[in-house]
Amino acid sequence: MSEVKIKELRSDIDELNELLKQANRKKVKDLLSLEIRKLETEWINLKETENASITDVTSSPATASASAQKRYQIKLNGYGWDQSDKYIQVFVTLKDVHTVPKEQVYCKLTDRSMELHIDNLDNKDYLLVINKLLEPIVVADCHWKQKTDRVVIFLAKSRPNIKWSHMTELEKKFEDQRSNRFKTEDAEKKDPQESIMSLMKNMYETGDDDMKRMISKAWYEGQHKKKTDTLDL
């Protein structure tokens, strides 16, 4: 149970760190940092407890052979994905994964997350976690297959025929923020005079009669000044 809790805490900490990188407001950053420190403290305490337990067990002669076979977990980050009308297909490449017994390759799913577990491949456990999927999935209709050097997970869309633009909400949020930044930069590069004219046009169209008269007067005087300057030249 503690091992599962440790994994969950680590996943939460990693995700909060990703959100912290994207946060802009100081209060939001402070809140995220506080929560991260709290979870990291809990995670460290659990790890120390688990390590102490392992030390007690491995110190016993009766369990010496078990300690020699201790496996380490490797967290996977890379994967590919594609989609059809009904499924999101996740591709995980891992050498010799097809040699692992089927019961040691399995997924833990919720309607908005997936975990791929590959146990005891060359005395190592592998884990891929994808949280906050862009759209909900139907857990009962999901399945996975082992192929030569890879695993393919079929996540059933809760809304068939809806195309996913991204795999997760976080990826979409990051892409949207980047697009908005580019739009802002492009807007700042526009001719200032063009921006002023656009603003005055909008004010004229949405303003009352007094506003329209004031803008018309300002425009007329501006045009008249231009003509006067030209004649002076």
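The values are calculated or read from the model by the stated rules, or taken from the named source; none is laboratory data. Computed from a prediction, not measured in an experiment: that's the story for all the values here. Quick reminder, even Gly has a Cβ in these numbers, built from the backbone with ideal geometry, and neighbours come from all protein chains shown.
A few comments on the model shown:
- Among the residues making up the range 10-27, those that are under 15 Å from the mean Cα position of the chain (by Cα) and not hydroxyl-bearing (Ser, Thr, Tyr) are Asp12, Ile13, Asp14, Glu15, Leu16, Asn17, Glu18, Leu19, Leu20, Lys21, Gln22, Ala23.
- Enumeration of residues in the range 75-90 that are within 22 Å of Lys7 (Cα to Cα) and among the hydrophobic types (A, V, I, L, M, F, W, C): Leu76, Val90
- Lone qualifier among Glu8, Glu35, Glu3, Glu18 - being acidic (Asp, Glu), at pLDDT below 80 and in a helix (DSSP H, G or I): Glu3
- Residue in the range 47-70 that is modelled with pLDDT of 60 or more and assigned to a loop (DSSP other than H, G, I, E, B) present: yes
- Neighbours by Cβ (under 6 Å, 6+ apart or cross-chain): first from the range 81-110, closer than 14 Å to His143 by Cβ; second assigned to a helix (DSSP H, G or I) and not basic (Lys, Arg): Leu109/Val139
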